[in-house]
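A.B. asks: Sending over a structure as structure tokens; questions will come in a sec.
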Amino acid sequence: MQAFDLVIRGGTVATATDVMQADLAISGETIAAIGCDLPAGQREIDARGKLVLPGGVDSHAHVEQLSASGLMNADTFESATAAAAFGGTTTVISFAAQHVGMSLSKVVENYHRLAERGAVVDYAFHMILADPTETVLKQELPPLIKDGHSSLKVFMTYDRLKLDDERLLDVLAAARENHALVMVHAENHGMITWMSKRLLARGLRAPKYHALSHPRGGEAEAFTRVIACAALIDQPIMIYHVSTAEGAAVIRRARGEGRKVFAETCPQYLFMTKADLDRPGLEGAKWMCSPPLREASDQAALWQALALGDLQTVSSDHAPYAFDETGKLAAGSDPSFKQIANGLPGLEARLPLLFSAMVSEGGFDLPRFVAWTATQPAKIYGLHPRKGSIAIGADADIAIWDPRKRVTFGDDTVRGRAGYTPWTGRTVQGWPVSVLRRGEVIVEDSRLGAAPGSGRFLARPGGVAAEPTGRASPEFDQRINFQTRL
Ligand code: URP
Ligand code: ZN
Ligand code: ZN
């Protein structure tokens, strides 16, 4: 029998369902065996006292992307995916972001070029549709989805990106026809605009007013509206970055009614509050993201929604902007909250933050940590069983965690090009000390060993998550709609 290329020996292996003491063997790029006392490999890693987990799947990251206000975010594919790798994430789904007037095919082609040049972990793209014309939906979209871009993102807010309900329905219908999932940034645009004007008219310009300008009720309202639109045509959706208890309750109700609604939250909504925005001068800009940080009571509600399965994944929503004139301060040295780019860097910190809270502090258990950060996103976005788990035949994307290692985040310790971390000063326990991508050790001894461009594109079919429920709404049900074909 040919020796395995690599054996990770004596660790505690965990998946979304099981935890076991086992050796793990890799041949080529895939997992070849899991067992006790496996034969020697050509290379061996001693994992005694360590945890052997699937590499993370971060399904929501903005990389080398033009923001809603036309600003380029701070990371390149190289810097963003290197940060991901250092934090134990081996698959990143970022965006191919269309803006008004752009050809979607060209947009996707451009992002492929950028990622091919820089990515060090494997990647896929969600396509952002800001201008869903008939040409885009009927001619450009179908072949792009067939090529493996099986998820579309839409915005219900931001002046340059938002779709009204009619356009939203156009996109949902096109997704249904072509078997793709639709992700939504759902907030009530009118409420945001109205509140922003009211605050600014009173001279209230500081970053902390960003929190008041996105009313919490605007989240629940937009969730309710997009769920109703999706239900009309029986199209599955994923609601992004749930931030409020009321929003989580809307999702719970919809799922209870049999709607195919998935949802995620992010570490910033689980660990931070709007008090983080309230800092001297413009400092709070570093904590400005949309939706904004909320209350401690929302954190509890979001953890509960995760535990109940109403939310299935925790992504980073990595959207880095430097705290200087290239990013957060692009509108000058005295911007109002309305003129500051929204977004936080988070690809590196996501897994250690969650590991520390869920596993080290005992909030949850290893299988749920793996499920929410790797297996569930892989399943929902059509990457499973190749990614997101430890199984024979799966890609050997592995993070070996030292559960005792303590790390304090600091602006000078984090990777990525934002130049700061909103987690500065926070100490976590548990860190991914070695990271493998398709069998190759890409992080070891705090050094990156992967060449830019060595990450691979992952073509994804629209999986089970994108399948309609088969239960037509009354308007589309020919048994009760006067036999009307719609
Ligand atoms: O503030 C954020 N999250 N910026 C990135 C764009 C988005 O809304 O997802
Ligand atoms: Zn968003
Ligand atoms: Zn986002």
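FYI, it's all coordinate maths here, none of it is from the lab. Not measured: the values here are computed from a predicted model. Backbone-built Cβ (ideal geometry, glycine too); neighbour counts: all protein chains shown.
A.B. asks: Quick check for me: using +1 on Lys/Arg Cβ and -1 on Asp/Glu Cβ, what's the dipole size of the chain about its Cα centre, in debye to the nearest 20?
C.D. replies: The dipole of the chain has a size of about 640 debye.
A.B. asks: Follow-up question, since we're still on this one. Which whole-Hz ³J(HN,Hα) couplings does segment 235-247 yield from phi under the Karplus relation 6.51 cos²θ - 1.76 cosθ + 1.60, θ = phi - 60°, glycine and proline marked x?
C.D. replies: 10, x, 9, 10, 8, 7, 5, 5, 10, 10, 4, 5, x
A.B. asks: For the residues Y381, Y111, what sequence is obtained by ranking on other C-beta atoms within 10 Å, fewest first?
C.D. replies: Y111, Y381
A.B. asks: Starting from 0 in steps of 5 Å, tell me what percent of the Cα-Cα pairs of segment 196-235 lands in each bin.
C.D. replies: Reading upward from the zero bin: 6, 22, 18, 13, 12, 11, 9, 7, 3, 0.
A.B. asks: Normalised radius of gyration for segment 97-221, please: alpha carbon Rg relative to 2.2 N^0.38 Å, two decimal places.
C.D. replies: 1.24
A.B. asks: Report the convex hull volume per residue for segment 255-359, counting only C-alpha atoms, in Å³.
C.D. replies: Values: hull volume 12.4 nm³, N = 105.
Residue-normalised Cα hull volume stands at 118 Å³.
A.B. asks: Listing V19, V464, V63 from the residue with the fewest other Cβ atoms within 10 Å to the one with the most, what is the order? Intermediate results must be reported in sequence, preceding the final value.
C.D. replies: Working: V19 15, V464 10, V63 30.
With the fewest neighbours first, V19, V464, V63 line up as V464, V19, V63.
A.B. asks: Same structure, new question: When only Cα pairs under 8 Å and 6 or more residues apart are kept, what is the percent relative contact order across segment 51-178?
C.D. replies: Details: 194 pairs, mean separation 29.7, N = 128.
Computed value for segment 51-178: 23 percent relative contact order.
A.B. asks: Would you please put 226-239, 49-62, 467-480 in order of how densely packed they are, using the mean number of other Cβ atoms within 10 angstrom per residue and starting with the highest?
C.D. replies: Values: 226-239: 22.0, 49-62: 26.8, 467-480: 12.0.
So the order, starting with the most tightly packed, is 49-62, 226-239, 467-480.
A.B. asks: Once Lys and Arg get +1 and Asp and Glu get -1 on their Cβ, which of G56, N73, A14 lies farthest toward the positive end of the dipole of segment 1-81?
C.D. replies: A14
A.B. asks: Tell me, what ³J(HN,Hα) does each residue in segment 294-311 have, in order and in whole Hz, if you take phi through Karplus 6.51 cos²θ - 1.76 cosθ + 1.60 with θ = phi - 60° and put x for Gly and Pro?
C.D. replies: 10, 10, 4, 5, 5, 4, 4, 5, 6, 4, 5, 5, 5, 4, 7, x, 5, 9
A.B. asks: Past 22 Å, Cα to Cα: identify those pairs from K106/K138; K162/K387; K153/K208; K286/K387; K286/K379; K106/K153, in the order given.
C.D. replies: Flagged as over cut-off: K162/K387; K153/K208; K286/K387; K286/K379.
A.B. asks: Mind checking the log10 I(q)/I(0) for segment 215-313 at q = 0.13, 0.16 Å⁻¹? Debye, one equal scatterer per Cα, no solvent, two decimals.
C.D. replies: These q points yield log10 I(q)/I(0) values of -0.45, -0.64.
A.B. asks: Separate question: For the chain, what is the Kirkwood hydrodynamic radius in Å, using each pair of distinct C-alpha atoms? Walk me through the numbers before you get to the answer.
C.D. replies: Working: mean 1/r = 0.0440 Å⁻¹.
This gives a value of 22.7 Å.
A.B. asks: State, in angstrom, two size descriptors of segment 1-124 derived from its alpha carbons: Rg to one decimal place and Dmax to the nearest whole number.
C.D. replies: According to the Cα coordinates of segment 1-124, Rg and Dmax are 19.1, 60 Å.
A.B. asks: Can you give the charge dipole size of segment 311-386 about its Cα centre, rounded to the nearest 20 debye, using +1 on the beta carbon of Lys and Arg and -1 on the beta carbon of Asp and Glu?
C.D. replies: Charge dipole, segment 311-386, about its Cα centre: 380 debye, nearest 20.
A.B. asks: Right, another one. I'd like the Karplus ³J(HN,Hα) series for segment 438-451: coefficients 6.51, -1.76, 1.60, θ = phi - 60°, whole numbers in Hz, and an x wherever there's a Gly or Pro.
C.D. replies: Each residue of segment 438-451 in turn: 6, x, 9, 6, 10, 10, 7, 6, 6, 10, 8, x, 10, 7 Hz.
A.B. asks: Before anything else, pin down the relative contact order of the chain: Cα pairs under 8 Å, at least 6 apart, normalised by residue count, whole percent.
C.D. replies: Relative contact order here is 22 percent.
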